[in-house]
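Written out below as structure tokens is the structure these notes cover.
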Amino acid sequence: MSEISDASPPLAETNPLLKAWQTPHQTPPFSEISPEHFMPAFERAFIDHAAEVAAITHDPAVPDFDNTITALERSGKLLTKVSAVFYDLVSAHSNPAILEIDKELSLRMARHWNPIMMNAVLFGRIAMLHEKRKELDLTGEQVRLLERTYTRFHRAGAGLSDEAKARMAEINERLAHLGTSFSHHLLADEQEWCLELGEDDRAGLSDTFIASAKAAAEERGMAGKAILTLSRSFVEPFLKSSERRDLREKVFKAFTARGDNGNANDNNAVIVEVLALREESARLLGFPTYAAYRLEDTMAKTPEAVRGLLERVWKPARARALADRDQLQAMITAEGGNFALAPWDWRYYAEKLRQAKANFDDGAIKPYLVLDHMIEAAFDCATRLFGITFTERKDVPVWHPDVRVWEVRDRDGRHQALFYGDYFARPSKRSGAWMTSLRDQQKLDGEVTPLILNVCNFSKGADGQPSLLSPDNARTLFHEFGHGLHGMLSNVMFPSLAGTSVFTDFVELPSQLYEHWQERPEVLQRFARHYQTGEPLPEDLLKRFLAARKFNQGFATVEFVSSALIDLEFHTQSASASRDVRAFEQAELKKIGMPEEIAMRHRPTQFGHIFSGDYYAAGYYSYMWSEVMDADAFGAFEEAGDIFDPATAKRLHDDIYSTGGSVDPEAAYVAFRGREPEPDALLRRRGLLDTAEVA
Ligand SMILES: [Zn+2]
């Protein structure tokens, strides 16, 4: 006995996830945390949380706001803390051990949350308070929290019969498993494919592209070679610049076939099962379709409202794309090409047309878009708009040496947040760019300041040179930083209402709105400087750059809106209609008149947004819904004649960036703008309103 206890000190003393963190601002001590710490910490967190919820449920006192709703807000602290660290690592710096835990954990999570969210006694307390919420003398934020809590439990099935709940729990567990399978299949199909680029296969490809292709080969143990993988950041530039039409075809076909190859990674059966289970769960909850269920709790409210917006954008976008197609075909013919434009030709000829018409290519501006300067620009805009300042900290623990941390202070110099920037691609990071938090802001038991992250996949500069961004990268940087501000400026009482805890179709407003500042001459002239000479961006190049932003928007909009429409159809039509996923896709594309030369941005078997989980299911339209608002919202600054107008910036802070989910989003928008958004602003920004505006 004594030997065992000597060798195994109590878990809490050795597991850093279970100790109080003695780090600056109580940040996670990443260097002390290893994969084997997670499962024991999660097990403890599940037990603690379940006990806290049981105490609330069986509290003998008469239910009131404090002993029920506030108590729920206070519960699960350890689970929240451990989850934040774990999911940061899953996405930004994983390894086989972490991914293995992730697989196991999805089911454990479902099994932990099902009995809480479907607890009839607990829901009885919440429903009783919700019923008499007007008489409880609550603040506006408390009422909002009560409504959100009630809605969350109600929509999870807390009010169903025991039999229906049991089925609901089964469905949730199965869906958790299917979501993980969908992403693992996609990842496997991507990992199994590569194309070796011999010397003859490189016509049209830039030196930086070849350098990345060599780095990719090295990562796969093929040092000395150059390969193309199926990641979007490889495929799109390849299709844009490769002169080898046969290779473009090959790559395009492989890219659009991911998850649809009839092999062990095929996602068709997963989709069929997911759609059937979603439909069943919606029916259990009393909705005719999953889309009706899903959209009830959004700004859009109904499938009809979503379809209305998408169709309004679809028509001019399709018309523009068809006109562009004819121009591209004319270009092929003029070159003596004896073939019809195919989907694998579009990007290539569109880029040629852009160079001819707008006299601009991305390569010309890249030397002026130095990552560090663009970070400075994003910070500077926030200082001018909201008065916050940024100071780099070197003493905060991070999960990878490339991660940088800044302390954010408010106008009066008080600590407001820490901001972590993890900018470079590496094999341990999933693709894409995102914002998340390691801790959310709240004031429930004293001020808790947020820990906010931006994660991107930019390339490092080679041989000690600075990292240079493409225009798309620079836009992504501002986009994610806009989400970051939503987290950092959050000023609410309750943690579940903090920052980005808003409707899916509102959450892209703070991020997409922030992109507008990146495109402004006032900002670019100051921060876009040549990485070698320090020269500012020449006036003429700046003009051509800004004009080129509207180029090929018909194509980009068609790619996006077709995906959003198919997502909506999958979730409004009966699940039995899509038993043959491919036939369903083709029939729907035919119905909307999809140009044959353009593919959906995400074909069903690779549409992780809607099938890897349910966050964007029947919700892919959200980006466009938010775009209606962001295009309109920036107009407020333009009308004020100053893109940093203090009065407008103050309203933007008070009504949008600081309120999180504590107010109704529509009311928040109207408070900021003084009226509802005007949808034409979106078409204007994409250059789709005026058909004469071609370049
Ligand atoms: Zn976003």
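Per-structure values
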{"read-out": "Within region 342-411, helices (runs of 4 or more DSSP H) holding 1 or more residues that are at pLDDT below 95 and crowded, with 19+ Cβ neighbours inside 10 Å", "value": "343-357, 362-365"}
{"read-out": "Output for region 39-54, where each listed residue is within 29 Å of the chain's Cα centre (by Cα) and farther than 15 Å from Leu107 by Cα", "value": "Ala41, Ala45, His49"}
{"read-out": "Filter pass, Thr149 being surrounded by fewer than 17 Cβ atoms within 10 Å (Cβ to Cβ), polar (S, T, N, Q) and at pLDDT 95 or above", "value": "no"}
{"read-out": "Hits in region 499-544 - residues which are part of a helix (DSSP H, G or I), closer than 29 Å to Tyr657 by Cα and more than 16 Å from the ligand (Cβ to nearest atom)", "value": "Pro521, Glu522, Val523, Leu524, Gln525, Arg526, Phe527"}
{"read-out": "Unmet criterion (only one of (1) without any contact (Cβ under 8 Å) to a residue 12 or more places away in the chain; (2) on the phi > 0 side of the Ramachandran plot) for Lys543", "value": "(2)"}
{"read-out": "Answer from Glu190, Glu199, Glu219 - the residue that is exposed (fewer than 15 other Cβ atoms within 10 Å of the Cβ) and in contact (Cβ under 8 Å) with a residue 60 or more places away in the chain", "value": "Glu219"}
{"read-out": "Residue tally, condition closer than 29 Å to Glu43 by Cβ and touching a helix residue (DSSP H, G or I) at 6+ places or on another chain (Cβ under 7 Å), over region 112-144", "value": "11"}
{"read-out": "Boolean, Leu451 is surrounded by fewer than 23 Cβ atoms within 10 Å (Cβ to Cβ), of a type in the set (A, V, I, L, M), at pLDDT 95 or above and away from the ligand (no atom under 16 Å from the Cβ)", "value": "no"}
{"read-out": "Within region 424-448, considering residues that are at pLDDT 95 or above and within 16 Å of the ligand (Cβ to nearest atom), the one surrounded by the fewest Cβ atoms within 10 Å (Cβ to Cβ)", "value": "Thr436"}
{"read-out": "Selection status of Phe555, at pLDDT 95 or above, hydrophobic (A, V, I, L, M, F, W, C), more than 16 Å from the ligand (Cβ to nearest atom) and out of contact with any Cys (no Cβ under 9 Å at 6 or more places or on another chain)", "value": "yes"}
{"read-out": "Members of region 620-647 found to be more than 15 Å from Glu666 (Cβ to Cβ) and in contact with a Lys or Arg (Cβ under 7 Å, 6 or more places away or on another chain), listed by number", "value": "Ala631, Ala636, Ile643, Phe644"}
{"read-out": "Number of positions in region 28-38 that are surrounded by 18 or more Cβ atoms within 10 Å (Cβ to Cβ), over 27 Å from the mean Cα position of the chain (by Cα) and farther than 19 Å from Arg108 by Cβ", "value": "0"}
{"read-out": "Pairs, first closer than 22 Å to Leu451 by Cα in region 422-435, second assigned to a loop (DSSP other than H, G, I, E, B) and within 16 Å of the ligand (Cβ to nearest atom), C-beta under 9 Å, six or more apart", "value": "Ala425/Ser431; Met435/Thr500"}
{"read-out": "Elements of type helices (runs of 4 or more DSSP H) in region 548-663, at least 2 residues being of a type in the set (Asp, Glu)", "value": "553-572, 581-592, 622-640"}
{"read-out": "Matching residues, region 124-155, being within 14 Å of Val663 (Cβ to Cβ) and hydroxyl-bearing (Ser, Thr, Tyr)", "value": "Thr139"}
{"read-out": "Region 430-456 - residue that is in a loop (DSSP other than H, G, I, E, B) and within 15 Å of the chain's Cα centre (by Cα) and, of those, farthest from Ala188 (Cα to Cα)", "value": "Ala433"}
{"read-out": "Scope region 473-498; condition within 21 Å of Leu453 (Cβ to Cβ) and more than 13 Å from the ligand (Cβ to nearest atom); matching residues", "value": "Asn473, Ala474, Met488, Leu489, Ser490, Asn491, Val492, Pro495, Ser496, Leu497, Ala498"}
{"read-out": "Of all residues in region 615-658 being within 20 Å of the chain's Cα centre (by Cα) and away from the ligand (no atom under 16 Å from the Cβ), the one that is nearest to Trp517 (Cα to Cα)", "value": "Ser658"}
{"read-out": "Region 484-509: number of residues that are farther than 21 Å from Gly619 by Cα and either modelled with pLDDT under 95 or β-branched (Val, Ile, Thr) (or both)", "value": "1"}
{"read-out": "Residue list for region 295-337, filter: under 21 Å from Phe551 (Cα atoms), aliphatic (A, V, I, L, M) and touching a Gly at 6+ places or on another chain (Cβ under 9 Å)", "value": "Ala317, Ala319, Ala321, Leu322, Ala323, Met331"}
{"read-out": "Near pairs, Cβ below 8 angstrom, 6+ apart or cross-chain, from region 457-485 (at negative phi and part of a loop (DSSP other than H, G, I, E, B)) to any residue that is more than 12 Å from the ligand (Cβ to nearest atom) and of a type in the set (Phe, Trp, Tyr)", "value": "Ser459/Phe424; Lys460/Phe424; Gln465/Tyr531; Pro466/Tyr531; Ser467/Tyr423; Ser467/Phe424; Ser467/Phe458; Leu469/Phe458"}
{"read-out": "Test: residue in region 284-291 that is touching a residue at least 24 places away in the same chain (Cβ under 8 Å), of a type in the set (Val, Ile, Thr) and closer than 30 Å to Val502 by Cβ", "value": "yes"}
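The values are calculated or read from the model by the stated rules, or taken from the named source; none is laboratory data. Predicted model, so just to flag it, every value in this text is computed and none were measured. Glycine gets a Cβ as well: all are built from the backbone with ideal geometry, and neighbour counts include every protein chain shown.
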